[in-house]
1. Please label the shape of the stretch 89-183 as rounded, prolate or oblate, based on the square roots a ≥ b ≥ c of the eigenvalues of the alpha-carbon gyration tensor (a/c under 1.5 means rounded; beyond that, a/b larger than b/c means prolate, else oblate).
2. Take the solvent-accessible surface of the protein heavy atoms, probe 1.4 Å, and return the percent of it on the stretch 134-177 that carbon and sulfur atoms account for.
3. Above 13 angstrom, tally the Cα pairs of the stretch 98-143 and express them as a % of all pairs, no decimals.
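The values are calculated or read from the model by the stated rules, or taken from the named source; none is laboratory data. Just so we're clear, the structure is a prediction, and the values are computed from it rather than from any experiment. Areas reflect the complete protein model, heavy atoms only, side chains present, ligands, DNA and RNA absent. Shrake-Rupley method; radii C 1.70, N 1.55, O 1.52, S 1.80 Å.
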Amino acid sequence: MSAEPGASTPQGGGALDAVRGGAARAANAVGMTLGLGRLNRLGGGKGDKGGESEGGRKSRRFPLLTRDTARPEGGGRAAGGDAPAPYRQWPLLAVCGGVLIGLLVTVLEFRAGTIIIGLSMLGGAVLRWALPSVGMLAVRSRFTDMVTYGVLGFVITLLAMMAQPKPWVTIPFLEAIVRFAVR
């Protein structure tokens, strides 16, 4: 009975063991070259104990290799954990509901529907600013979310009020830009 070529023998001299050992040595050599020390099984370097320093307290330094993404500030539940899922995400549902209503109204009356969509986005910016925890409405940092929702809401509302025929708002320099671009 002969062993397959490259298979591991009880003495540990097989080609597969050599390949596995070589890969581990190569990974540790890369880690040593980069100053990471020997890499452990989870991928962290020497001294990387999941954000803890040697004294047992949390370190403020970022780990050498990240394993997860951070939750955005204010990204916790908007209601307690014992509440059903729709109640925990009420800020997101309020904004999405407003946008959905706006889309349905747009079918009948374009200007009114797009104004509702823009005001829903502005409402999302206000919710992001006013509430400490907004659930899944928090996508990025608080500032970035407020600016994104606010600018989108303002632009959509402004464009809805400028829509033809019979615009409610007239901005002369925008008309000049459109006339120049259409020539």
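1. oblate
2. Ligands and nucleic acids excluded, carbon and sulfur give 80 percent.
3. 56
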